[in-house]
Amino acid sequence: MTDAPAMTSHRPYLLRALYEWIADNGLTPHLLVDATRPGVRVPTHAVKDGRIVLNIAERAVAHLQMDNDDVRFSARFGGVSHAVIVPIDAVVAIYARENGQGMELPPDIAAQGSASPAQSVESASESDDTSPDDEPPHSEPPPKRGGHLRIVK
């Protein structure tokens, strides 16, 4: 057997693909971020229990860039514009606010020993989210309901 060449991280590719999938379905993409990781630059007043949920919808942020190293954008928090930088390894999950569909990002194969403990997408959607000023405050999703079909005679 020969040694395969080292590959780049799969996390930024998954992140960009899931962002596009969520946005293409008309939903609001949110990132769950481990704010304790080195290089994370977010408003500290919005961090809760070492984590922050960021609305990264096109209408909520300006100059969104997702490259192989980090996610960068500017957004308003409490009426004040902030530059936000999130290294890819600090992103715990990406999901749609409206229905919680998304994915907890797997740890990098090369960095498995340094991976942070991950929080599930379900519990991420229940956490307080910090949205820029132009977004309505987060409300709990409506309870699941039964089928919507009924028998008509």
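The values are calculated or read from the model by the stated rules, or taken from the named source; none is laboratory data. From a predicted model like this one, the values you see are computed outputs, not experimental measurements. Positions of Cβ are generated from backbone atoms using ideal geometry, with glycine treated the same way; all protein chains shown enter the neighbour counts. Note: areas computed on protein heavy atoms with side chains; ligands, DNA, RNA excluded. Shrake-Rupley method; radii C 1.70, N 1.55, O 1.52, S 1.80 Å.
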Segments 35-46, 84-95 sorted - mean Cβ within 10 Å per residue, highest first: 84-95, 35-46
Estimated vicinal HN-Hα couplings, Hz - the stretch 71-81 in sequence order (Karplus 6.51, -1.76, 1.60; Gly, Pro = x): 10, 10, 6, 10, 8, 9, 10, x, x, 10, 6
Which whole-angstrom value gives the distance between the alpha carbon centres of the stretch 72-112 and the stretch 15-50? 2 Å
Expressed as a whole percentage, what fraction of the accessible surface of the stretch 1-49 belongs to carbon and sulfur atoms when a 1.4 Å probe is rolled over the protein heavy atoms? 57 percent
The stretch 19-34 - phi-based ³J(HN,Hα) in whole Hz, Karplus 6.51/-1.76/1.60, Gly and Pro as x: 4, 5, 4, 5, 5, 4, 8, x, 9, 9, x, 10, 10, 9, 10, 7
